[in-house]
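What follows is a set of notes on a single structure, which appears directly below.
The values are calculated or read from the model by the stated rules, or taken from the named source; none is laboratory data. Computed from a predicted model, the values in this text were never measured in an experiment. Cβ: placed from backbone, ideal geometry, glycine included. Neighbour counts: every protein chain shown.
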Amino acid sequence: MLWLAVLFVLPFYVILSVALGTVHPIFLSPLPVWQPWYWSTEHVRDAVGKIVGPDAFLQPVFLRTFLYVAAATTLCIVIGYAVAYYVARYGGKRRTLFLVLLIAPFWISYLMRMVAWQGLLQGDGYVNRLLTATHVLGEPYNWLQGRPITVILALVYGYIPYMILPLYGQLDRIGQNLLEAGRDLGASPLRTFFRVTLPLSKQAILAGTVIVALPMFGDYYTNDLVGSPKTSMIGNIIDDAVNSTGQGPEAAVFVLILMLILLVPLLYYLRSTAKAMGSA
């Protein structure tokens, strides 16, 4: 309880006090109001009006974020499941090596990895050279000129290990006798997968989805490095508000709105997990 109070409750109260507070009249820095009876909803109304309503110029950013996160999470599930399944079922004595190779990129700074992708995706970078040499593209593609596909693939690259590891842990625990029982009952390998393996790995899929999707919603650094203002996400809006004079309370309101959005999938995951544990 002390851990939660120090690392969650107190910071959350600070954000709430800033969102419902005011701004210094001279320096325009945020002034949190600690007494709830003095809280004002002025900045809340202003921020919400930028998301919904006739002047909702930030609405496309929120819709774009949902689209990017949904696409990136889906790719993480598809690719991550295939990799985790292969390592769990066919890794053999090389499982440890495969897992080390999956985790190895985390030994390098995220900034350096994204900067490396900037070099790879330049007009004369190795990606364009390979695609033009193999005639996949007729001419170099402008990957770094605000392309949604670039941002989505960068999100997948940055977060996919968080999807692979829980999937691998669950798939590795599925007993071989269950799969053999499905085959003994006349099920094909594909039918066995959909009737046995996939249902037993549902909780791992949900866990991986929560682990990768929630931080994607607040991610702003990836888009700063490989995107442009045309591909801005919610995290970029919060970052811009934090670094803009006089917009501290508005940034806090956006953080609260994002927390409310992320609370929905988190509650669903907790409910699903509790239900699965109850039926076990």
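Some observations on this one:
- Leading residue by the ranking (surrounded by the most Cβ atoms within 10 Å (Cβ to Cβ)) among those in the stretch 200-228 that are of a type in the set (S, T, Y) and farther than 21 Å from A276 by Cα: T222
- Flag for L121 being in contact (Cβ under 8 Å) with a residue 12 or more places away in the chain and surrounded by 15 or more Cβ atoms within 10 Å (Cβ to Cβ): yes
- Evaluation of M163 against (1) buried (at least 18 other Cβ atoms within 10 Å of the Cβ); (2) out of contact with any helix residue (DSSP H, G or I) (no Cβ under 8 Å at 6 or more places or on another chain); (3) aliphatic (A, V, I, L, M) (one fails), failing number: (2)
- Residue check for R147: touching a helix residue (DSSP H, G or I) at 6+ places or on another chain (Cβ under 8 Å), over 30 Å from R94 (Cβ atoms) and basic (K, R): yes
- The one condition in (1) at pLDDT below 90; (2) surrounded by 21 or more Cβ atoms within 10 Å (Cβ to Cβ) that I234 fails to fulfil: (1)
- Exclusive hit being loosely packed, with under 12 Cβ neighbours inside 10 Å, modelled with pLDDT under 90 and either part of a helix (DSSP H, G or I) or β-branched (V, I, T) (or both), set L190, L178: L190
- Candidates K93, K50 - the one that is among the basic types (K, R) and under 27 Å from T231 (Cβ atoms): K50
- Residue check for Y141: of a type in the set (F, W, Y) and in contact with a helix residue (DSSP H, G or I) (Cβ under 9 Å, 6 or more places away or on another chain): yes
- Selection count where residues are over 20 Å from Y90 (Cα atoms), out of contact with any helix residue (DSSP H, G or I) (no Cβ under 8 Å at 6 or more places or on another chain) and of a type outside the set (D, E), scope the stretch 166-198: 2
- For the stretch 197-227, a residue qualifies if it is among the hydrophobic types (A, V, I, L, M, F, W, C) and within 10 Å of the chain's Cα centre (by Cα), and the qualifying residues are V210, I211, V212, A213, L214, M216, F217.
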